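Here the structure comes first, spelled out in structure tokens, and everything after it is commentary.
The values are calculated or read from the model by the stated rules, or taken from the named source; none is laboratory data. For clarity, every value in this text was computed on a predicted model and none was experimentally measured. Ideal geometry is used to build each Cβ from the backbone, glycine not excepted, and the neighbour counts take in all protein chains shown. Ligands, DNA and RNA are excluded from the accessible area calculation, which covers all protein heavy atoms including side chains. Shrake-Rupley method; radii C 1.70, N 1.55, O 1.52, S 1.80 Å.
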Amino acid sequence: MENCFHCGDTCSNGVIRHSDKSFCCNGCKTVFDILHDNNLDYYYELEQTPGITPKAINGKFDYLENETIIKELLDFNEANTQIVSFLIPAIHCSSCIWVLENLNKLNSNISTSQVNFPKKTVRISYNTAQTNLKSVVILLSKLGYEPYISLNDIKKDSNAKDRSLTYKLGVAGFAFGNIMFLSFPEYFEVNEFWLEKFKYIFRWLMLFFSLPVVFYSAQDYFVSAYKSVKSKFLNIDVPIAIGITVLFVRSLVEVALDLGTGFFDSLAGLVFFLLLGKFFQQKTYNYLSFERDYKSYFPIAVTKLDPDNLTNEFQTKVYDLVQDDFILIRNEELIPVDGILKSNNAFIDYSFVTGEAKLVEKTLEDKIFAGGKHSGTPIIIKVTKSVKQSYLTQLWNNEVFSSANQNIFQTLTDKISQRFTKTLLVIALISAVFWLFLDSAKVLNVFTAVLIVACPCALALAAPFTLGNLLRIFGVNKLYLKKAEVIEQLAEIDTIVFDKTGTLTTNALHTISFKGDSLSEEENNQLKNVLRASNHPLSRALFNHIKSNKNYNITNYSEEVGQGISGTIHNIPLKIGRFDFVTLDLDTVIKAESSAFQTTVHITIGNKYKGYYAFKNEYRNGFDHLLNQLSKSYNLVILSGDNSGETDYLAKTLSSKVDLVFNQNPNDKLEFIKSLQQKNKKILMIGDGLNDAGALAQSNVGLSISENINVFSPACDGILDASMFINIFNFLKVSKKGVQIIKYAFFFSLFYNIIGLGFAVTGHLKPVVAAILMPLSSISIVFFTTISSYLIGRKIIKKSF
Amino acid sequence: MTIIYLLLAISVLVALAFFAAFIFSVKSGQYDDVYTPSVRMLFDDELVKPATKKNKITPNKIVKTNKHN
């Protein structure tokens, strides 16, 4: 089969030949034409088949003519210039960057466009005298780069990026370098004539450089230490803050009273390394959002209709919809509110809500719930509830979603620092008391030296570097975690709860199987020709399934809504559809065989019942193997919103012990997780649709699985690419090993602390000893954790390929 | 040896100059996206290419548009 020159997909619906190239659809061909006519062919030279098939956009962006909506989307709006930023999930390669930055060749009124690849955004400025926002968006969509515009965008408070960590790190690094350079002479040359003369200016300069480090760079540690003392919980920042304070005060006193050089070098180095650890851990997947709720799924505006004259359309914001409004939903649009169907029939895909990509048929006056995606000709809906009161959005009123209820996770570092801080204070006090009797002049010296040398720099670096590194390795293997802490939480999991539809089964693959008398090739040809005329989604799926390429003329074609289609080819009548529909005029009575849990399409050819096609979601490859692996060390539960139709199948396939819980609505799922947690279980929930959102938020770790990570998934702690599903066991194993590494690193750093304490309690801590010991311990910890986490991380890659 | 005061002053000034440059670069957003510029740099040659090509291709293009009409 040939592949499309533009998008690289196989041309399963026939090849379109154009300019010696093959295309899979007219959309791809059009994009090629646009680019080719504007001399932008370089797009195809940069990467092989870089394109994205554009989607239909009829009327979809009409709301961009509404001035108030435009205003809320724009970054800048002055005179004739408007600047707007869009999130474009389709951005994926260098060709995308190139073509998006050459938009001005396609529309001369666009002055500049700049892509931010990691964030998948493009910032476009254009001249409003000649063009407008809508035409810019339509141009992008035509090229396949449809911007993602949602309710969340309209409420963005500010675009301010938090760069404070970069500044703090810069300040600390700057001071650290300069202080090292100034303190170096005094390390070795003792009592040298010129040094004795100039050392005061060196010392005062060092003091000057250390001020911004203590008062600016280190300020987060003081704040966090204060908070943790206030909540009577000693986290790792408490000994760090004590260390920094003691370092600074003692150095200040030494310099002021001409007692010594002080420890400015160690102070700046300590803060610099700590911030470096923080910086390293701060890997974020900018283009992914882990905080999405229903707002991100819903469009900004819908087409509202005048109740008296339904041909009168105008655009309105989704939030402004009230009861009894009439709205128009076009093909592929999401239904944002609960309502009643006022058109004859509609096909709604509730995969956003249930995770199951199955089209549900609705007829006139049927109730329609928010969250469904309509496919087919435009439909009219009468609103019964506003957005906030809709069935789907009600879930978000649950307290799990209020941020106050975030369960606080105690990290390994925090647990250890509890004991560490207490032990440290005890050692400092004992040695102070000891020296009080031995040599009272040295008491303060020893007391402060203990606090300085025991400052848990290496301890504080162990977790950030191990977890930060694993976070990156997981990212390479397509598990995108919200923050590094999640790895520690993963290591503690003892129960895994799976959603069924969309998680254990695939969304993409429909298995279509035929049951009944086998069809001859001729019969298949006839079937395909009848199906060709129908736009029913099941017909389209079946049409693509049946392999045949003969064209016949159909006579007497008719389609009965909600029933099926019929047609005649070569005087042979064919009927395709519901069982009752196709068997209606048969002489013999046949009993339906199919079970109620499947979607089926029945067929009669020449007044003879032939059998039916069954549509089924397929279980992911290797899911039973994965469950068997997991069942050895975890409790497993399958939680599903479906009826129990497949219990038998699952029980048969799974050789391991798995609890099956069916008929769960979104709220039941949340309560189920809660009840397990009350039994002290640590739960990993793996789900996909919005129906799992509550359970994902409630569980200790919520992973959302996604066929395409650019498609939006509900709020969660991590997003797993569906292709990596079978590696869940490996990810969990690596997380556990990561925590082991941190524990080893703790022992390692304690060992350094004991050496340092040896110097400190005996009263021999020279600035040069501190200046060597502290970086040495930090660097060796960084080295150890980075290398070992890299080694354990490699295993996932090895096993998956 | 009093020259050391001057040397110190210069060294601190140079350091401060680099520090200011760093602050400026962060502020102007140079660290917000550290990937795209590395790709964009490679296009610099290619951005000119369509313009030069245009002149050569124009006759072809006219023929093509005629065909369409």
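For A:Lys608 and A:Leu165, FRET efficiency with R0 = 56 Å and r from the beta-carbon atoms, rounded to 0.05?
Working from the Cβ atoms, E equals 0.15.
DSSP beta bridges in chain A, what fraction antiparallel, as a percent rounded to 5?
80
Name the aspartates and glutamates eligible as straight-distance cross-link partners of A:Lys227: C-alpha to C-alpha under 19 Å, and not fewer than 8 places from it in the same chain.
Answer for A:Lys227, where 19 Å is the Cα cut-off: A:Asp237, A:Asp414, listed by chain and number.
Size of the dipole of chain A about the Cα centre, Lys and Arg at +1 and Asp and Glu at -1 on the beta carbon, nothing else charged, in debye to 20?
2100
For a 32 Å ceiling on Cα separation, which of these pairs sit above it: A:Lys385/A:Lys478; A:Lys382/A:Lys550; A:Lys500/A:Lys632?
Listed pairs above 32 Å: A:Lys385/A:Lys478; A:Lys382/A:Lys550.
Report the one residue of A:Phe314, A:Ile348, A:Gln394 whose Cα lies farthest in the direction of the positive end of the charge dipole of the stretch A:294-395 (charges on C-beta: Lys and Arg +1, Asp and Glu -1; origin at the Cα centre).
Selected residue: A:Gln394.
Order these peptides, A:37-49, A:486-498, A:776-788, by their mean beta-carbon neighbour count within 10 angstrom, highest first.
A:486-498, A:776-788, A:37-49
Once the Cα gyration tensor of chain A is diagonalised, what are the square roots of 5 times its eigenvalues, in whole Å and ordered largest first, as equivalent ellipsoid semi-axes?
The answer is 62, 32, 24 Å, longest axis first.
As a check on your grasp of the helix formula, calculate [θ] at 222 nm for chain A: sum -39500 (n - 2.57) over DSSP H runs of n ≥ 4, divide by the residue count, round to the nearest 500.
-13500 deg cm²/dmol
Set Lys and Arg Cβ to +1 and Asp and Glu Cβ to -1, take the dipole of the protein assembly as shown about its Cα centre, and tell me which of A:Val302, A:Thr583, A:Leu538 lies farthest positive.
Working it through, the farthest residue towards the positive pole turns out to be A:Leu538.
Among A:Asn529, A:Leu211, A:Leu252, whose Cα sits farthest toward the positive end of the charge dipole of the protein assembly as shown (+1 at Cβ of Lys/Arg, -1 at Cβ of Asp/Glu, about the Cα centre)?
Among A:Asn529, A:Leu211, A:Leu252, the one farthest towards the positive end of the dipole of the protein assembly as shown is A:Leu252.
Determine the alpha carbon to alpha carbon distance for each of A:Lys120/A:Lys342; A:Lys142/A:Lys388; A:Lys657/A:Lys736; A:Lys29/A:Lys616; A:Lys367/A:Lys482; A:Lys29/A:Lys120 and list only those over 30 Å.
A:Lys120/A:Lys342; A:Lys142/A:Lys388; A:Lys29/A:Lys616; A:Lys367/A:Lys482
Give the aspartates and glutamates whose C-alpha is closer than 18 Å to that of A:Lys608, dropping any in the same chain fewer than 8 places away, or say none.
Within reach: A:Asp517, A:Glu521, A:Glu522, A:Glu523, A:Asp580, A:Asp585, A:Asp587, A:Glu593.
Kindly express, to the nearest 10 degrees and within the range 0 to 90, the angle between helix A:767-800's C-alpha long axis and the longest C-alpha principal axis of chain A.
20
Ballpark to the nearest 100 Å², how much total accessible area do B and A bury together, probe 1.4 Å?
That pair hides around 2900 Å² of surface in total.
Given charges of +1 on the Cβ of Lys and Arg and -1 on the Cβ of Asp and Glu, with all other atoms neutral, how large is the dipole of the stretch A:426-542 about its Cα centre, in debye to the nearest 20?
380
By how many nm would the segment from A:Phe437 to A:Leu259 grow when fully extended, if each residue of separation counts as 0.36 nm and the alpha-carbon distance is taken off?
Length gained, A:Phe437 through A:Leu259: 61.8 nm.
Give the aspartates and glutamates whose C-alpha is closer than 19 Å to that of A:Lys674, dropping any in the same chain fewer than 8 places away, or say none.
Counting by Cα, and skipping residues close in sequence, A:Lys674 has these aspartates and glutamates nearby: A:Glu399, A:Glu492, A:Asp494, A:Asp499, A:Asp659, A:Asp688, A:Asp692, A:Asp717.
Along its three principal axes, how long is the stretch A:294-395 when you only count alpha carbons? Whole Å, largest extent first please.
In descending order, the Cα extents are 37, 27, 19 Å.
Leaving ligands, DNA and RNA out of it, rank A:His374, A:His764 by accessible area with a 1.4 Å probe, largest first.
Descending accessible area places them as A:His764, A:His374.
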